[in-house]
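Structure, as C-alpha cells:
The values are calculated or read from the model by the stated rules, or taken from the named source; none is laboratory data. Note that the structure is predicted; figures quoted are calculated from it, not measured. We place every Cβ from the backbone using ideal geometry, glycine too, and count neighbours over all the protein chains shown.
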Amino acid sequence: MNYLLPTHVHLDHCGACGTLARKYPNASVLVHPRGEPHLSDPTRLVKGAGELFGEQLMQRYGLPDPVENSRVRSVADDEAIDLGNGMTLRSIWTPGHASHHLSYILEGTGVLFTGDAVGLRHPTFPASMPTTPPPSFNLDKAVESLRRLSELTIKRLCTPHFGTLDGAGELFQRNISALIDWRSKLDSFISRGLSVDQMASELIEKVCEGIGRSVADVPQYVRVSIRVSVLGFVGYLKWKSE
Ligand SMILES: [Zn+2]
C-alpha cells in the first residue's frame, strides 16, 4: 500500500492511521496541511474528543498511535495522486465540517469519497442530516464546499456515515437546505435561552417530524451526533456574532 488518505483528522477518520502506518511501512499518510501536525502529535485530538464524547466512549475508541513525522505529507487542493494501474485520485479541499477537511474523486470514474462534507445517513433512520461538530465547523465554508462538489460529474458517492449512494446529485442541495434550516432553528433556540441538551432534543423532534418517525426510533448514534452538531453550530454562531 502506498498511501493512507484520511479525509480529515477527526478520530473516527484518522484514529487508526498510526496503527495502519505500522502495518504498511511503505505507505505515506496524506492529509490536509491543517491536519498534518495532529497526526504526529494527537494530544489535542484526544483531548477534544474526550471533552465531546466522555471518558467511556474514548475507552471504547482506544487511543490513537502517533504517526512518524517523516511519513506524513500534506495534500494541496486539486492535487493528482497517482495510485498506479492508470488510476488517479484528485484532492478537493472541502472545509466546513472541519477546517482540515478534504474529499477525493477517482478520475474518470465519477466516484467521490466525500468524507464528512455531506453529513450523515444512518442505515436504520431515513433522514440525511448535517454533521457540524466543534471546534472548527464553519457554515459558509460548508455550503461553499457542497456547491463545489455539486459541480462535479458524479456517479457514486462513498460516504463514511454510511455507505455508497448512486446518482445522488440532489444530496448536495438537500444538505445545503438542511444547514440553512438548522441555522434558523438554532438562532431561534438561542434567542429562547435553551440549553444545549434542550436544543438537541428539539432538533431531534423536528428531524423526526420531517420524516414521520417517532423520537423513540432515533438510534443512539444519531442522538450523539445531533448533540455534538448543536455544540459545533452554536459555537460557530457565537463566533460569528462576536
Ligand atoms: Zn468528522
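Any residue in the range 1-19 that's over 18 Å from A117 (Cβ atoms) and outside any loop (DSSP other than H, G, I, E, B): show its pairings with residues that are of a type outside the set (A, V, I, L, M, F, W, C) and away from the ligand (no atom under 11 Å from the Cβ) at Cβ separation under 6 Å, as long as the two are six or more apart or on different chains.
Qualifying pairs under 6 Å: Y3/S28; G18/P64; G18/D65; G18/P66; T19/D65.
Identify the single condition in (1) within 16 Å of the ligand (Cβ to nearest atom); (2) in a loop (DSSP other than H, G, I, E, B) that G108 does not satisfy, given that it satisfies every other one.
The failed condition is (1).
Could you identify the single residue in D116, D82 that is closer than 21 Å to C17 by Cα, among the charged types (D, E, K, R) and either within 15 Å of the ligand (Cβ to nearest atom) or surrounded by 15 or more Cβ atoms within 10 Å (Cβ to Cβ) (or both)?
D116
Specify the residue that is surrounded by the fewest Cβ atoms within 10 Å (Cβ to Cβ); the eligible residues are those in the range 184-242 that are basic (K, R) and under 19 Å from the mean Cα position of the chain (by Cα).
The residue in question is R223.
Here's a check for you: in the range 1-21, which residue that is away from the ligand (no atom under 13 Å from the Cβ) and over 22 Å from G84 (Cα atoms) is surrounded by the fewest Cβ atoms within 10 Å (Cβ to Cβ)?
As a first pass, look at the range 1-21 and keep what is away from the ligand (no atom under 13 Å from the Cβ): 1-5, 16-21.
Narrowing the set further to residues that are over 22 Å from G84 (Cα atoms) leaves 16, 18-19.
Working: A16: 16, G18: 21, T19: 12.
Once the filter is applied, the top-ranked residue is T19.
Kindly list the number of the only condition in (1) more than 14 Å from A76 (Cβ to Cβ); (2) modelled with pLDDT of 95 or more that fails for L102.
(1)
Being assigned to a helix (DSSP H, G or I) and either without any contact (Cβ under 8 Å) to a residue 12 or more places away in the chain or not aromatic (F, W, Y) (or both) is the filter here, so list the residues in the range 143-173 that pass it.
Of everything in the range 143-173, those that are assigned to a helix (DSSP H, G or I) and either without any contact (Cβ under 8 Å) to a residue 12 or more places away in the chain or not aromatic (F, W, Y) (or both) turn out to be V143, E144, S145, L146, R147, R148, L149, S150, E170, L171, Q173.
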